[in-house]
There are 2 protein chains.
Amino acid sequence: MDFLYRGLFVVLCVSHSYASLQPGNWNTCENGEFVSTRTNTSSQVMALRTEMTLKKIGAYIVPSEDFHMSEFVSGYDQRRAFISGFDGSMGTAVITATHAALWTRGKYFLQAETQLGCDWILMREREPGVPTIEEWLGEQLKEQTLKKVGACPYFFGNSAWQQHSMALEQQGLRIEPVLPDLVDKIWTDDRPEFPDTVINPYPLKYAGKSWQDKVGEVRQEMEKRDADALIVTMLDETAWLFNMRATDIRGFVNDPFFYSLAIVRPNSISLYIKNKDIKLTAAPKDPESDVNMKEHLNTRADGSCPKTANKLCVTVKEYSYDTFIMELDALARNASVKRIWLSYFCNYAVYNMIDEDKIFVDNTPVAMLKTQKNDVEVQGMTNCHIRDAAALAIFASKLEKGVKAGEEWTELSASKELTRLRSLQDLNRGDSFASISSSGSNAAIIHYFPNNQTDRRITADETYLIDSGGQYLDGTTDVTRTFLWREPTSFEKECYTRVLMGQINLAMAIWTKGLFGREIDAWARQPLFDIGLTYKHGTGHGIGHYLSVHEGPGRISNYHAKFEWDVPLAEHMFYSDEPGYYEDGKFGIRLENIVYVKKVETKYSMKGVTMLGMETVTLFPYETHLIDYTIMSEKQISWLNDYNAMTLEKVGKLLKEQDAMDAYKWIEKRTKKVVISGAATLLVSNCILYSLMLVDLLW
Amino acid sequence: MDFLYRGLFVVLCVSHSYASLQPGNWNTCENGEFVSTRTNTSSQVMALRTEMTLKKIGAYIVPSEDFHMSEFVSGYDQRRAFISGFDGSMGTAVITATHAALWTRGKYFLQAETQLGCDWILMREREPGVPTIEEWLGEQLKEQTLKKVGACPYFFGNSAWQQHSMALEQQGLRIEPVLPDLVDKIWTDDRPEFPDTVINPYPLKYAGKSWQDKVGEVRQEMEKRDADALIVTMLDETAWLFNMRATDIRGFVNDPFFYSLAIVRPNSISLYIKNKDIKLTAAPKDPESDVNMKEHLNTRADGSCPKTANKLCVTVKEYSYDTFIMELDALARNASVKRIWLSYFCNYAVYNMIDEDKIFVDNTPVAMLKTQKNDVEVQGMTNCHIRDAAALAIFASKLEKGVKAGEEWTELSASKELTRLRSLQDLNRGDSFASISSSGSNAAIIHYFPNNQTDRRITADETYLIDSGGQYLDGTTDVTRTFLWREPTSFEKECYTRVLMGQINLAMAIWTKGLFGREIDAWARQPLFDIGLTYKHGTGHGIGHYLSVHEGPGRISNYHAKFEWDVPLAEHMFYSDEPGYYEDGKFGIRLENIVYVKKVETKYSMKGVTMLGMETVTLFPYETHLIDYTIMSEKQISWLNDYNAMTLEKVGKLLKEQDAMDAYKWIEKRTKKVVISGAATLLVSNCILYSLMLVDLLW
């Protein structure tokens, strides 16, 4: 994480006048006020403007993405964070000769306010009155002579590029591809190295399927869709397809990827990696990997395939943006190649190399096969979640005891301790992402990560939210719980309970196969909606198997309504189930479990209709004193009782084996059966008041 | 309705061999079996094939739509019904030299099976293994020399045309615009006349806003979006915008429209109607209309505007497809016209007249203003639903008494009686659509309309479903109830109850403004999903105010997931709330109310977040002996009690005024308060069984 803050230092902000243009929507620093968390980016912005003038462009767009359209990019690729100071995972920076503005979504508003350089305008996407990038540029460049808007085609998805292009055209402006990227030109000092970590072949006993079988299935899908070539540019896709893992992405997330690209054809497979000659023969670093890459891929030491190979072999080539683009050009010009399969997430430069009539765009077969986990992967996900819960229980019981005893715990120290405890669990390979360890008002910042400036003490007076996860050889975890070690206010209790009710609603949901996540997202929001509240983030994201903590293409989110890559929820997919509620400046509550989508048996059935449901694989108890059982339905309470019983059985057993009796007792206390021991009925005028008397006792 | 069946007669079906191509998906007549409901379309198809040969085209596509992209078209425009025999509102017929096939959706499968000509293949859209039109044509025309696929550009929406065009190209085929339409060429005998009914100016006291004010608001929206011209081609839009009604569309639906087109510009308004010279000065037919069209529109007798007009005036021109297209051509060539606003529902011919760079496509401001009803319209909708419920109560009580007494009631005679009873209510202007009056297995045909061949007796042994509505000067209604005058089986009772629970779920729903109907549709399905059931239609459609019974652009439907014209649910919109369950060949249950979307007060609120909810304006009771209260939540029962109290108060009062005491008592019996009079709790092993003892008594 530390490289992210290397270039950032505390500044004295100066006032400026943009706020008057759109009061309430734009965030500015107070005149002369010392804002310790903000970044001085004026030298970066000034350097960029110099390059813009040389290129004769009136504005430059700096997106979040890397060449691979990764959601989380390595430090080397954090161009937008470098230029703006804001290091959330989503956001687009736009710089003109006189202004600099950053567009981001609801869940990042507070973070952006905290981090953005003081001379930046925060554009709150989807809020009323906030212009789009293009509308703003139309206004900004109206009186300017330089009407071209520059952008590097390597770092935009094709559809994003097209959208920018069309929308700018409507403003009388034009997008101009700029190569090399201008941020790359100015970002010379203190830039992290291009990642280049050891690649470990991933054992079959964890992967569940050999890369040869995966390639076979991918080729079958290619044949079905008449594709002569498949371009694989997403890093989780190459890692999954070839059963290899590394540690190239380290920062907000620890995605076990290696920078790579691939082309699959009916009779050949090419893989592009950095420093291939070293990596092919290097000894694997992971103790569970017992062959080197050369052996794993049946490749010669220079990456070429033996001519007489009777086994499937991957040709390994050197990774470079420019040479890959040139190879695509050759492929596209090859008359025998009629149809090239691209993902929606290919960058514009890749897309642009291929004639429109040869392009076939859809989620790649790699993405679709990967998202529906095989039996070994499903078992691995289930198993690692139990070990992960054990680590979290040891952590939570220790933290509670410590905080109540007045020990000095902070967001950072707690996060560090949790990382240490996870590392003690079998097969752990580090955290899956930097823990969102957030106390009190920091917990209202949805994707907050603590740093030395923001680090806050954890006390019994404030909510403490910990959103964390681990990478394990047999799977990836992501779990959130919220704690409050005092009696809650009735509002806090109601919020916690309704967040839980929403989570349970989704966990219990049954629906017809074919629905998209966006079509069931509202089930999780209903308990909050009923009292006028909601959360400004999706309810669930996909999750990989020892891969990305955010895995596409499916999602459970109403924001996702119109994305062409969205796919229906299907069996063997894993998603998070994470409703929340955030009270700006005060507290944040989020409860996150991972769920597994599976076919369910129902009382009746209809011909041709398959019913799907979810099984929750995260087994971790809730804070019982924060739950108001009287507003829950019997069905929700029944689900909770089953869940608690399962948690005690599986996680409790492991804790006993690990001799972690404090944690065991901590879990035991929270998994007592909730019993409706009596009921009284009261009839009042035109409505029914039904009061439940609930007793929280051990059954 | 009768013209629809004019050309259709009973046939002896002959076998054919297509079924072997795709067994299970294609419907064919049994060899030699006498199928009384099917249509012999072989002479039509043969005549069409002759025209196809002359035009050198290998296939011809006949869609459902008219020039205006109406969902329900007049008899004159029922080209697809004429050629195929299937007269449901959605479906596309495709004819090649050797085969004829019809694509339609789930809710029409049974109807299509019943009606389609015997030599037609039924293509069940979205079912596994069923090819798309283009895939099928690719296969069918593979060996043929004629590779062109003909279609008339007047009867395809622009995006449908583009989609056909692209998908055919992928099959190596090409779409060919054919003018005039080939069905128009062959359909000479027994064709209904082009509709040409009297146009009645619609009084301000019902419209709530003058056409001048509406034009003013439309122009404001045009200015906001920089549009120099707005093309209005939807028939409900011209009717709403100019405050005029007629009876041009009579058939499945009685949409009070007149065939018309309009062009709104900043300084002129043109309206195209049939036989303008007669209609402008004709006396209105509706007793509530007190001016003629000329006076209403401030127009001279020839439709021209007085040069010195100080009042807004509409220039009225003669309606003709070809002249309208030519006028668009002139408009598009006018250099001062920079941006022309088209609806998503313009036909391809209209779209094609205008240069791509001048086109601005979005829902028209007419559509968007129309869908959010003004206060007078809201009050009118509320009022007419009470009168409509009174008519339905008189009908239902009479029918129940009659059926139980062994009287001879059939679907058609019941439907006719209901029409008569509605007509006795104040301001009624006929039915809003042909009643779906369906008994027993016919009720499983979702959009069934009875005819002489299918008419079935209504008995106490079978479910009877009546989906009907009225047009009233102050609004449009659409209501469905299902009856069963015997003790239900436990399955029937559970289905009825869960359909009701779904309807209540939606009626009680609260959500954040900005959600689309597709995002809350699943709430209505949840009670059915839980036991493995669903319904193959949307949950809700918009409804007009003395306009269409199906009004766009919004909908509450998960089928609607990807339509670009879909709009979020917003205040002042009216939708239907109509879950159902259909057991093929046995019974059908549907419960339909109309709901009004409005802002709701909630316990808490969030800055910038508006919560929306629904108010049910249909007030009609349910069949209490079909409800299993023990599976309903207290909240649902409480909603039902409130609803029943309101129904008795409002509809009961009117029935008393109308001296309809049988109906009053019928309603009274069904609106008794449901009381949870006691409760017992039983704890069983790991789950909670909570049994409600329910007493259905008058409070």
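Scoring A:L506 on the criteria (1) aliphatic (A, V, I, L, M); (2) open to solvent by less than 10 Å² (accessible area, probe 1.4 Å); (3) farther than 16 Å from B:W523 by Cβ leaves a single failure, condition (3).
In summary, A:A522 fulfils each of the numbered conditions (1) open to solvent by 10 Å² or more (accessible area, probe 1.4 Å); (2) within 24 Å of A:G554 (Cα to Cα); (3) among the hydrophobic types (A, V, I, L, M, F, W, C); (4) at the interface with chain B (Cβ under 10 Å from one of its Cβ atoms) with the single exception of condition (1). Residue pairs whose Cβ atoms lie under 6 Å apart, separated by 6 or more positions or on different chains, with the first residue in the range B:359-387 and in contact (Cβ under 8 Å) with a residue 24 or more places away in the chain and closer than 30 Å to B:D329 by Cα and the second open to solvent by 30 Å² or more (accessible area, probe 1.4 Å) and among the charged types (D, E, K, R), are B:F360/B:R339; B:P365/B:E221; B:L369/B:E217.
Here B:A570 passes the criteria (1) open to solvent by 10 Å² or more (accessible area, probe 1.4 Å); (2) of a type in the set (A, V, I, L, M); (3) within 8 Å of chain A (Cβ to nearest Cβ) except the one numbered (3).
Of these, A:W666, A:W639, which one is of a type outside the set (S, T, N, Q), under 20 Å from A:W485 (Cβ atoms) and at pLDDT 95 or above?
A:W666
Scanning for something over 30 Å from A:A246 (Cα atoms) and of a type in the set (A, V, I, L, M), does the range A:537-556 turn up at least one residue? No - not one qualifying residue is present in the range A:537-556.
Looking at the structure I just gave you, is A:Y596 closer than 24 Å to A:Y535 by Cβ, at pLDDT 95 or above and open to solvent by 10 Å² or more (accessible area, probe 1.4 Å)? When the stated conditions are applied, A:Y596 passes them. For the range A:203-219, indicate whether the set of residues that are more than 21 Å from A:M234 (Cβ to Cβ) and not in a loop (DSSP other than H, G, I, E, B) is non-empty. Yes, the range A:203-219 contains a residue that is more than 21 Å from A:M234 (Cβ to Cβ) and not in a loop (DSSP other than H, G, I, E, B). Restricting A:L102, A:L146 to residues that are among the aliphatic types (A, V, I, L, M) and either open to solvent by less than 20 Å² (accessible area, probe 1.4 Å) or more than 26 Å from A:I186 (Cα to Cα) (or both) narrows the list to A:L102.
Go through (1) in a helix (DSSP H, G or I); (2) within 13 Å of chain A (Cβ to nearest Cβ); (3) surrounded by fewer than 23 Cβ atoms within 10 Å (Cβ to Cβ) for B:G514 and report which single condition fails. B:G514 satisfies every listed condition except (1).
A:T624 satisfies every condition listed in (1) open to solvent by 10 Å² or more (accessible area, probe 1.4 Å); (2) within 11 Å of chain B (Cβ to nearest Cβ); (3) polar (S, T, N, Q) except (2). I'd like the full set of residues that are in contact with a strand residue (DSSP E or B) (Cβ under 7 Å, 6 or more places away or on another chain) and modelled with pLDDT of 95 or more, limited to the range B:39-48. Correct list: B:V45, B:L48. The residue of the range A:161-205 that is nearest to A:L473 (Cα to Cα), among those that are small (G, A, S) and out of contact with any strand residue (DSSP E or B) (no Cβ under 9 Å at 6 or more places or on another chain), is A:A167. For residues that are more than 12 Å from chain A (Cβ to nearest Cβ) and touching a strand residue (DSSP E or B) at 6+ places or on another chain (Cβ under 6 Å), scanning just the range B:482-495, find the one that is surrounded by the most Cβ atoms within 10 Å (Cβ to Cβ). In this case the residue turns out to be B:T482. Restricting the range B:627-656 to residues that are without any contact (Cβ under 8 Å) to a residue 12 or more places away in the chain and more than 12 Å from chain A (Cβ to nearest Cβ), the residue that is nearest to B:C384 (Cα to Cα) is B:K653.
Taking the stated definitions as given, is A:R498 within 30 Å of A:R124 (Cα to Cα) and open to solvent by 10 Å² or more (accessible area, probe 1.4 Å)? Yes: the conditions hold for A:R498.
In the range A:258-292, which residue that is touching a helix residue (DSSP H, G or I) at 6+ places or on another chain (Cβ under 7 Å) and farther than 17 Å from A:V232 by Cβ is least open to solvent (accessible area, probe 1.4 Å)? Within the range A:258-292, the match that is least open to solvent (accessible area, probe 1.4 Å) is A:L280. Within the bounds of the range B:74-94, is there any residue that is modelled with pLDDT of 95 or more, outside any helix (DSSP H, G or I) and either over 21 Å from the mean Cα position of the chain (by Cα) or surrounded by fewer than 18 Cβ atoms within 10 Å (Cβ to Cβ) (or both)? Yes, there is a match, as at least one residue in the range B:74-94 is modelled with pLDDT of 95 or more, outside any helix (DSSP H, G or I) and either over 21 Å from the mean Cα position of the chain (by Cα) or surrounded by fewer than 18 Cβ atoms within 10 Å (Cβ to Cβ) (or both).
Is at least one residue of the range A:175-197 open to solvent by less than 60 Å² (accessible area, probe 1.4 Å) and within 30 Å of A:Q379 (Cα to Cα)?
Looking through the range A:175-197, at least one residue is open to solvent by less than 60 Å² (accessible area, probe 1.4 Å) and within 30 Å of A:Q379 (Cα to Cα).
Each residue in the range B:519-558 was checked for being in contact (Cβ under 8 Å) with a residue 24 or more places away in the chain, part of a helix (DSSP H, G or I) and within 29 Å of B:S159 (Cα to Cα), and 3 of them qualify. At least 2 residues being over 25 Å from the mean Cα position of the chain (by Cα) and more than 25 Å from B:T233 (Cα to Cα) is the threshold, and among the strands (runs of 3 or more DSSP E) wholly inside the range B:97-188 those reaching it are B:148-151.
When the criteria are applied in full, A:M614 fails the requirement of being without any contact (Cβ under 8 Å) to a residue 60 or more places away in the chain and either under 30 Å from A:S423 (Cα atoms) or not acidic (D, E) (or both). Checking each residue in the range B:502-511 for being assigned to a helix (DSSP H, G or I), within 13 Å of chain A (Cβ to nearest Cβ) and of a type in the set (A, V, I, L, M, F, W, C) picks out B:L506, B:M508.
Can you name the residue in the range B:527-566 that is away from chain A (no Cβ under 12 Å) and β-branched (V, I, T) and is also nearest to A:N505 (Cα to Cα) among such residues? Only one residue fits best here, namely B:I543. Residues in the range A:337-349 that are open to solvent by less than 10 Å² (accessible area, probe 1.4 Å) and either free of Cβ contacts under 8 Å to residues at least 60 places away in the same chain or closer than 24 Å to A:K214 by Cα (or both): A:V337, A:I340, A:W341, A:L342, A:S343, A:C346.
If you check A:K607 against the conditions, is it open to solvent by 40 Å² or more (accessible area, probe 1.4 Å), within 21 Å of A:E571 (Cβ to Cβ), within 9 Å of chain B (Cβ to nearest Cβ) and modelled with pLDDT under 95? Spell out the reasoning first.
Working: open to solvent by 40 Å² or more (accessible area, probe 1.4 Å): yes; within 21 Å of A:E571 (Cβ to Cβ): yes; within 9 Å of chain B (Cβ to nearest Cβ): yes; modelled with pLDDT under 95: yes.
Taking the combined requirement at face value, the residue satisfies it.
Just so you know, in the range B:573-593 the residues that are under 19 Å from the mean Cα position of the chain (by Cα) and among the hydrophobic types (A, V, I, L, M, F, W, C) include one that is surrounded by the fewest Cβ atoms within 10 Å (Cβ to Cβ), and it is B:M573. Answer yes or no as to whether B:K307 is charged (D, E, K, R) and closer than 24 Å to B:Y272 by Cβ. When the stated conditions are applied, B:K307 passes them.
The values are calculated or read from the model by the stated rules, or taken from the named source; none is laboratory data. The structure presented is a predicted model; accordingly, all values stated were derived computationally and were not measured. Note that we place each Cβ from the backbone using ideal geometry, even for glycine, and neighbour counts take in every protein chain shown. Heads up: the accessible areas ignore ligands, DNA and RNA and are worked out on the full protein's heavy atoms, side chains in. Shrake-Rupley method; radii C 1.70, N 1.55, O 1.52, S 1.80 Å.
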